[in-house]
Amino acid sequence: MEYNAPAGKNLFDNAKVVGKPTRRIDGPLKTTGTAPYAYERHDVVPGQVYGYVLGAGIAKGRIAAMDVSAARAMPGVLAIVTAPDTKPVGKGMGNTAPLFGGRDIAHYHQAIALVVAETFEQARAASSVIRVEYERQKGAFDLASAAPGAPLDTTRGGEPDQVRTGDFEAAYHAAYVQLDERYTTPDESHAMMEPHASIAAWEGEKLTLWTSNQMIAWNKGSVGDILDMEPDNVRLDSPYLGGGFGGKLFVRADAVLAALGAKAAGRPVKVMLQRPLIYNNTTHRPASIQRLRIGAGKDGRISAIAHEGWSGNLPGGSGENTVQQTRQLYAGDHRLTANYLATLDLPEGNAMRAPGEASGHMALEVAMDELAEKLDMCPVELRIVNDTQTVPDEPEIKFSDRNLVRCLREGAERFGWANRNKTPGGLRDGRWLIGMGMAAGYRNGPVGKSAARVKLDRRGRVTVETDMTDIGTGSYTIIAQTAAEVMGVPLKQVTVRLGDSAYPASAGSGGQWGAASSTAGVYAACVNLRRAIGEKLGFDGDAATFDNSRIAVDGGSFALTDAGALSATGEMTYGDFQDDYSVGTFASHFCEIAVDAYTGESFIRRMLSVCDAGRILNPVSARSQVIGAMAMSVGATLTEELAVDKRFGFFVNHDMAGYEVPVHADIPHQEVVFLDTLDPVISPMKAKGVGELGICGPTAAVANALYNATGIRVREYPLTLDKYLDRLPAV
Amino acid sequence: MRSFTYERAKTPQQAAAAVAGTPGGKFIAGGTNLLDLMKLEIETPVHLVDVQDVGLDRIEPTEAGGLRIGALVSNTALSADARVMRDYAVLTRAIQAGASGQLRNKATTGGNLLQRTRCPYFYDTNMPCNKRDPGAGCAAKDGYSRQLGVIGISESCIATYPGDMAVALRVLDAVVETIDADGETRSIPIADFHSLWGDTPHIENVLADGEMITAVTLPRPLGGKHIYHKVRDRRSYAFALVSVAAVIQPDGTGRVAFGGMAPKPWRVAAAEAALPQGAAAVAARAFADAQPTDHNRYKISLAERTLAGVLAEARS
Ligand SMILES: Cc1cc2nc3c(=O)[nH]c(=O)nc-3n(C[C@H](O)[C@H](O)[C@H](O)COP(=O)(O)OP(=O)(O)OC[C@H]3O[C@@H](n4cnc5c(N)ncnc54)[C@H](O)[C@@H]3O)c2cc1C
Ligand code: SF4
């Protein structure tokens, strides 16, 4: 089914099941610990043995020698696969350094050996007696010193990433007020609960990987590229993931080493990346340096805006697009946006939840707060006067459905913004300094082709199969809702099977495209199934009404079971009419914070996000997405940082104790409101994603609240108390 | 983790003898610190002597009017004991500021005292660390040292003693009781229990090989207001950047010890005497000899400010 014009009224608009608050259909499996996650799939293949990964102990250089003789002699050891004895594997999508093989070390904790043994403990013990000698090389580990000479980023589309509209410099100099500030964001880790894990088994040339991966179709191909084999000989199965956040978009070392280890040992092998390895071995959100210059008139209207971002990566790696939201969020005739990319020898940077925009808002939306103060203007008002309904650099492109102003007004109203103290550092409640902050949020609303198969059995049960993944987001439930809605059956009559590459290829989970895309694919398949039923029973499937497991047609009706067993596949694809639109999601975010005037400790008191993301398929899981992202925003703003050791070239705090994500006690009260909007351009579902919108802006709302509380502006994230303690009032 | 042998001792002396008699032997209590370190091969004992069956799991009054806390009393039980909550509230507050509920259920009084530093380089066996590998050098000194020590440290090691409970025990002037393989016992004032690093950062306390902690005794109650304020980057499941344990009397005198600053809970008599003059006077004396890095210099003003807050709380 090709989607080639904005949606009119369709089957989804009945919204009997979609849009209703619906508990996760997979909830009981999760809460009883019976959802099969990759590492615990003991039943899928007999004879599984364990692999333990050894990571490089240096950041850059070569393996001069590796002695595994002692390890081979250890009890239980079945095989040892070493990098020097393995030709570097190929690169799959999103791989910058080879995941394994050869003597060269590209980054710290790059995998250099896998020990396979009968038990995990034996594999671990043996790995520790492998002796490695390195030749160290000097590397570049400091973004601040590499940034000044860095060229424009060409890693997105090959062209230098710089956009100019009008004459920024002239307009900026002529502006009534000017703001010119720099902000830095640190390297961050996905720190998802479930480590990267895979079980591999070979059957002749055929490889099965039971794994934890967001993108099944991509990575079936990638495994083929990496292991130099036919993708058709690869099966991936990933029905449940304990979080991904972009860290599992691509094939990583667990899958590759499980496959190599299984071949070497002649047994199925399971590999989970050890927690201390994950931070340096896998990908992370790269650090950024961002410069914002904004010129505005007395009325707050932006006349000139420049946002430049610097990030670094390994040679061949991509840059972080921190200016993306600045190209969409505010009006202003004279503009400059650019990304620069330095070469570093730190572990590889790649996508993490709202890549680019999550960090970008941490600069742009604080700059807007600073601008509002210079103008003596309400920060909400400043954003309202600069709203735009067309893309500022490309005025011929309209936003498909943009309700940012409604988000701002409704958020301000609900949060009690009008009552805030406007004097930074001016509100004290006992030992607490109290502040409020807000920010706007934008994340694009991508959609991609997606397919599914829908089967009807003789009892009227509907089963959906697609390689879509549920990374904790609630895909199972919204897909079941979609099928229930379109097929007119109760939700409990629907079974959903996900994550197997044997199923039709979906858009997968990433870039907040998953919900919109995968449900559209299921919709297409359901429409085809309705037509097939109609053909069999002699009516027009598009015109009939499917409801309550019955079918009403002109002059009669059927039970759904009259159709017998049938199945249909369908795929939603997209015509180029969408090129005339910018499809985005929008939000306003508010935060109240208390700062201990003595110690500088900051405690969030409450947070609110008002989101405009089209139809909300399931308010329960959508809310979970947003509150999770708000919590992640608190971490990004206040605590999370991969600390770089610039001498040894690695992230030092590489475990859950050292890399501090928020705990429950840090997140007391969160409220999420969804506007009841419909976006007719994105897909027939009129629904956009929310999973990343929620991390675009709450960061800055927290930072702005901290400023409002203390009167101290810190522009280097995370905003830990050591950065402002000495500027707090004397005690 | 290396393979090891394992036994369960029936009495404290038997445990002490078992450890003393086996090179590379070690006690294991709750295992919440030791097992983590063994998994990373930072500790590589060849024989573990489990002390969970030796008794020592009671809190009893002493003749001197204090309490005797068995070495195997869990952190949860100790912090929730009615006598402790009433008379030694600083101890309850310190314990409850540490780790998580699950860990405190397993963690023991003896094991807690002996928990090892949280220096991140200590945890990465690719990095030089004098504490792990005497003579190898110290990766932290010129590295990422935001959480590390500012006073009582040495050229060899700038790590801190990370625990909370011991900081409260230090203001309470607790005494650590031990037994050795021969059944000899001794009483070690908590002030003398932990060692400064000096040139031997791998030696962290005064226990002899195979000497087992049997109890911690608390002197009679001090009265006063008991406060423990732990400053950390997140609200739970994080070690102290700085902590302050204080017992403040109505006249403004009192006792104070600092955590997160040094190889041991940091208590300085001359500084404590200045309590009535306020936090600045105390901090100036307590940290006069501090040698912070650029990353952790903030700890000195943080300690002073935290104490100021504690004193304000004591007055309120
Ligand atoms: C994630 C995490 C967070 C934590 N956060 C905090 C925190 O915020 N604050 C805090 O204070 N602590 C914290 N801890 C540390 C925790 O308090 C200690 O791990 C615990 O107290 C150790 O007690 P245990 O009985 O488990 O000791 P074990 O691990 O069994 O033993 C520790 C050491 O003591 C020795 N030992 C044990 N008993 C005796 C004895 N009777 N005599 C002689 N030697 C003995 C062992 O040989 C070993 O060397 C945390 C730990 C973890 C894992
Ligand atoms: S500070 Fe101490 S524990 Fe840390 S690396 Fe240096 S010697 Fe090792």
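The values are calculated or read from the model by the stated rules, or taken from the named source; none is laboratory data. Everything numeric here is computed off the predicted structure, so don't read it as measured data. Ideal geometry is used to build each Cβ from the backbone, glycine not excepted, and the neighbour counts take in all protein chains shown. Heads up: the accessible areas ignore ligands, DNA and RNA and are worked out on the full protein's heavy atoms, side chains in. Shrake-Rupley method; radii C 1.70, N 1.55, O 1.52, S 1.80 Å.
Overview of values
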{"item": "More than 25 angstrom apart: percent of Cα pairs within chain B", "result": "48"}
{"item": "Long-range tail of P(r) for the protein assembly as shown (Cα pairs > 50 Å, %)", "result": "28"}
{"item": "Antiparallel bridge percentage (DSSP; both residues within region B:5-53; nearest 5)", "result": "0"}
{"item": "Chymotrypsin sites (Phe, Trp or Tyr not before Pro) within region A:162-217: DSSP coil, no more than 16 neighbouring Cβ in 10 Å", "result": "A:TYR176"}
{"item": "For B:21-32, mean number of other protein chain Cβ atoms within 10 Å", "result": "0"}
{"item": "Pairs beyond 25 Å (Cα-Cα), from A:LYS60/A:LYS91; A:LYS87/A:LYS646; A:LYS20/A:LYS686; A:LYS87/A:LYS206", "result": "A:LYS87/A:LYS646"}
{"item": "Between region B:12-45 and region A:194-271, the Cα center-to-center distance that results, in Å", "result": "39"}
{"item": "Region A:66-125 - percent relative contact order, Cα under 8 Å, separation 6 or more", "result": "39"}
{"item": "Contour minus Cα-Cα distance for A:ASP376 and A:ASP562 (0.36 nm per residue)", "result": "60.0 nm"}
{"item": "Summed buried accessible area for B+A [probe radius 1.4 Å, Å², rounded to 100]", "result": "3200"}
{"item": "Convex hull of Cα atoms in region B:5-53, direction-averaged projection (nm²)", "result": "3.0"}
{"item": "Estimated translational D of region A:6-107 in µm²/s (Stokes, Kirkwood radius over Cα pairs; 20 °C; 1.002 mPa s)", "result": "110"}
{"item": "Debye log10 I(q)/I(0) at q = 0.18, 0.24, 0.28 Å⁻¹ for region A:673-718, Cα point scatterers", "result": "-0.68, -0.88, -1.05"}
{"item": "Per principal axis, descending, Cα span of region A:112-193 in whole Å", "result": "71, 34, 26"}
{"item": "Nonlocal amide H pairs with B:LEU67, under 5 Å, H built at 1.01 Å", "result": "B:THR62, B:LEU218"}
{"item": "Rounded to the nearest 20 debye, dipole of region A:199-350 from Cβ charges on Lys, Arg, Asp, Glu", "result": "540"}
{"item": "Over chain B, relative contact order from alpha-carbon pairs under 8 Å, at least 6 apart, %", "result": "19"}
{"item": "3J(HN,Hα) from dihedral phi, region A:718-725, Karplus parametrisation 6.51/-1.76/1.60, rounded to Hz, x for glycine, proline", "result": "x, 8, 7, 4, 4, 7, 9, 3"}
{"item": "For region B:249-291 and region A:655-710, distance of Cα centres in Å", "result": "42"}
{"item": "C-alpha center-to-center spacing [region A:401-471, region B:103-156] in angstrom", "result": "42"}
{"item": "Cβ-based charge dipole, the protein assembly as shown, positive-most Cα from A:LEU143, A:ALA703, A:MET352", "result": "A:ALA703"}
{"item": "Region B:161-266: GluC sites (Glu not before Pro) falling in loop per DSSP and having at most 14 other Cβ within 10 Å", "result": "B:GLU184"}
{"item": "Shielding score for A:55-62, defined as the mean number of other chain Cβ atoms within 10 Å", "result": "1"}
{"item": "Sorted peptide list for B:7-20, A:154-167, A:275-288, criterion being average Cβ within 10 angstrom, highest first", "result": "A:275-288, B:7-20, A:154-167"}
{"item": "Distance violations [Cα-Cα > 25 Å] among A:LYS248/B:LYS141; B:LYS131/B:LYS264; A:LYS374/A:LYS398; A:LYS220/A:LYS688; A:LYS138/A:LYS270", "result": "A:LYS248/B:LYS141; A:LYS374/A:LYS398; A:LYS220/A:LYS688; A:LYS138/A:LYS270"}
{"item": "Peptide ranges B:47-54, A:359-366 listed from the most packed, as the mean C-beta count within 10 angstrom indicates", "result": "A:359-366, B:47-54"}
{"item": "Estimated dipole of the protein assembly as shown in Debye, rounded to 20 [Cβ of Lys and Arg +1, of Asp and Glu -1, Cα centre]", "result": "1540"}
{"item": "Förster-model FRET efficiency, 41 Å R0, A:THR31 and A:MET93, C-beta, rounded to 0.05", "result": "0.75"}
{"item": "Three semi-axes of the equivalent ellipsoid, region A:611-690, Cα gyration tensor, whole Å, largest first", "result": "35, 16, 9"}
{"item": "Debye intensity ratio I(q)/I(0), log10, region B:225-315, q values 0.14 Å⁻¹ (C-alpha model)", "result": "-0.44"}
{"item": "Reference-scaled alpha-carbon Rg (2.2 N^0.38 Å with N residues) for region B:102-144", "result": "1.46"}
{"item": "Charge context of A:ASN233, other residues only, Cβ under 9 angstrom, K/R +1, D/E -1", "result": "-1"}
{"item": "Sites A:ARG275 and A:ILE397 - FRET efficiency at Förster radius 45 Å, r taken between beta-carbons, to 0.05", "result": "0.50"}
{"item": "Amide H contacts of A:TYR3 (H built 1.01 Å from N, under 5 Å, at least 5 apart or other chain)", "result": "A:THR573, A:TYR574, A:GLY575"}
{"item": "Highest average packing first - A:715-726, A:497-508, A:460-471, Cβ atoms within 10 Å", "result": "A:460-471, A:497-508, A:715-726"}
{"item": "Rounded to 5, the percent of DSSP beta bridges in chain A classed as antiparallel", "result": "75"}
{"item": "Förster radius 22 Å - calculated FRET efficiency between A:THR463 and A:ASN548 (Cβ-Cβ, nearest 0.05)", "result": "0.70"}
{"item": "Space enclosed by the convex hull of the alpha-carbon atoms of region A:170-265, per residue, Å³", "result": "172"}
{"item": "J(HN,Hα) series, region A:409-414, from Karplus relation 6.51 cos²θ - 1.76 cosθ + 1.60, nearest Hz, glycine and proline x", "result": "5, 5, x, 4, 4, 5"}
{"item": "Vicinal HN-Hα couplings computed from phi for region A:626-633 (Karplus, 6.51 cos²θ - 1.76 cosθ + 1.60; Hz; Gly/Pro x)", "result": "6, 5, x, 5, 5, 5, 5, 5"}
{"item": "Aspartates and glutamates with Cα under 20 Å of A:LYS492, excluding same-chain neighbours fewer than 8 positions away", "result": "A:ASP26, A:ASP457, A:GLU465, A:ASP470, A:ASP547, A:ASP562"}
{"item": "Percentage, to the nearest whole number, of Cα pairs in region A:345-421 over 22 Å apart", "result": "42"}
{"item": "For the protein assembly as shown, calculated [θ]222 nm from helices alone, where every DSSP H run of n ≥ 4 adds -39500 (n - 2.57)", "result": "-7000 deg cm²/dmol"}
{"item": "Average beta-carbon neighbours from other chains, 10 Å sphere, peptide A:636-645", "result": "3"}
{"item": "Coil-residue trypsin sites (Lys or Arg not before Pro) of region A:642-701, DSSP, other Cβ within 10 Å capped at 15", "result": "A:ARG647"}
